[in-house]
Structure formats: structure tokens, C-alpha cells
1. Answer yes or no: is there a residue in the range 94-105 that is open to solvent by 70 Å² or more (accessible area, probe 1.4 Å) and touching an Asp or Glu at 6+ places or on another chain (Cβ under 7 Å).
2. Evaluate the range 128-150: report whether one residue or more is modelled with pLDDT under 85, aliphatic (A, V, I, L, M), surrounded by 12 or more Cβ atoms within 10 Å (Cβ to Cβ) and closer than 17 Å to V17 by Cα.
3. Could you give me the residue pairs with C-beta distances under 7 Å whose first residue belongs to the range 120-133 and is on the phi > 0 side of the Ramachandran plot, whose second residue is of a type in the set (G, A, S) and surrounded by 13 or more Cβ atoms within 10 Å (Cβ to Cβ) wherever it lies, and which are 6+ apart or on separate chains?
4. For I50, indicate whether it is closer than 21 Å to N128 by Cα, modelled with pLDDT of 90 or more, among the aliphatic types (A, V, I, L, M) and in contact with a Pro (Cβ under 6 Å, 6 or more places away or on another chain).
5. Among what's in the range 22-42 and is out of contact with any strand residue (DSSP E or B) (no Cβ under 8 Å at 6 or more places or on another chain) and assigned to a helix (DSSP H, G or I), pick the residue that is surrounded by the most Cβ atoms within 10 Å (Cβ to Cβ).
6. Please determine, by comparing only the residues of the range 64-93 that are closer than 20 Å to F119 by Cα and touching a residue at least 40 places away in the same chain (Cβ under 8 Å), which one is surrounded by the most Cβ atoms within 10 Å (Cβ to Cβ).
7. Scanning for something within 23 Å of Y176 (Cβ to Cβ), hydrophobic (A, V, I, L, M, F, W, C) and not in a loop (DSSP other than H, G, I, E, B), does the range 99-117 turn up at least one residue?
Amino acid sequence: KISGIYYGYSHFHPLIVKYVCEKYNAKICYDPCGGWGHHILGALNIDKYIYNDLSTHTYNNVLTMCNDLNINNVVCYNNDCSTFVPEENFDTMISCPPYYNIEEYECGIFDTIDKYNKFIDNLFTVFNNKKSCNVFALIIREDLIDIEKHVPIEVYELHQPSSHLIKEKKNKEKLYILKK
């Protein structure tokens, strides 16, 4: 990252996961875009964390991390979250989905904003349709979502001045929390 050649990925701080889980008394949490596994660290004190990521490489590394660190409350899936919903009941969803085509992904990019919007809308469909799920916490850059359609109960602006995703500082990363 320091060289300016490779900027990495967006960082969803584990303490945000911990905050949401504690504040909303989460017992079982589903993360449809689990990423590199750092979200898991914030969910160590809940009953079950359901991890999913489309990247096989990332999924395999997370399995290794959970095994090496003896993390036993995680169930891992390697599926496309635009078509996958775990059978398990969960009371909370937490996610930091891909940032359109701003980041590079092993699994490809969204080639149109319409495809990206459909992907994001699907996350809300899972939240709205899963009867057991009552809370959805989403970190996303504010320009990548029409949040007025969804009415969050809490909104936090995240302060990460060094993030490559908000270099220009005109679009902020925010945590949106929705509750049924």
C-alpha cells in the first residue's frame, strides 16, 4: 500500500461487528460478503457467525485462519450471495459488500452500475425476507447506495482518512443499521 502500486481492500473493522452484535444482542450473524475474515474477529463472542464469500481463494484462507486460531463458532460458505441464502436462521446480517468496480476482485467486477445496484438490492431482499433476521448493518460508500429506499435507524460516518476508497473525501464510508 505504501508504494502506491497496490491499495488492498476496504477494511471493515472488527470492532464495528462487535459493536453491532453487542448493541443488538446478536446470537447468529450472517455475512454474505465475508472478505478476508477480519469481520469474524468481532463476532467471537456470539453463538454462530455464518461467513460467505464468492472467492474460493479467500474462502480457503478463512478456513485456514479459523482452524489455526481455533475459532469454532464459524460456519463457512463459498457461494455467490446474489443467489445464496444460508438455510440456518440468523438474527443479524452484517456486511461490507464490494465497492462496485473501485476495488479489484478475484471473481471479476461489475460491468454496469445496474448490475451492481441489483446486487445491493438483493442484500436488502435477504434481510427483508429472512423472518429470523431483525438487524442489518451495512458499511458502504454513500454514493454507492440509495439509502432513502431503506430507512436506516442509525447512520455513522466512518473516519478513515487514509482509505484509498475515500481519497477524494467527497464520498464517505458509512455504517447504516436497519432494524425491522
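The values are calculated or read from the model by the stated rules, or taken from the named source; none is laboratory data. Source: prediction; values computed, not measured. Cβ sites come from the backbone with ideal geometry, for glycine too, and all protein chains shown count toward neighbours. The accessibility values were calculated without ligands, DNA or RNA, using every heavy atom of the protein model including side chains. Shrake-Rupley method; radii C 1.70, N 1.55, O 1.52, S 1.80 Å.
1. So far as the range 94-105 goes, no, none of its residues is open to solvent by 70 Å² or more (accessible area, probe 1.4 Å) and touching an Asp or Glu at 6+ places or on another chain (Cβ under 7 Å).
2. No, the range 128-150 contains no residue that is modelled with pLDDT under 85, aliphatic (A, V, I, L, M), surrounded by 12 or more Cβ atoms within 10 Å (Cβ to Cβ) and closer than 17 Å to V17 by Cα.
3. Sorted first by the residue in the range 120-133, then by its partner, the list stays empty.
4. Considered against the rule, which asks whether it is closer than 21 Å to N128 by Cα, modelled with pLDDT of 90 or more, among the aliphatic types (A, V, I, L, M) and in contact with a Pro (Cβ under 6 Å, 6 or more places away or on another chain), I50 comes out as yes.
5. Filtering first and then ranking leaves G42.
6. By that ranking, first place goes to T92.
7. Within the range 99-117 (the criterion being within 23 Å of Y176 (Cβ to Cβ), hydrophobic (A, V, I, L, M, F, W, C) and not in a loop (DSSP other than H, G, I, E, B)), the answer is yes, since at least one residue qualifies.
Here is a yes/no grid of residues against (1) under 21 Å from K172 (Cβ atoms); (2) of a type outside the set (S, T, Y):
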{"site": "I71", "(1), (2)": "no, yes"}
{"site": "T112", "(1), (2)": "no, no"}
{"site": "F124", "(1), (2)": "yes, yes"}
{"site": "I139", "(1), (2)": "yes, yes"}
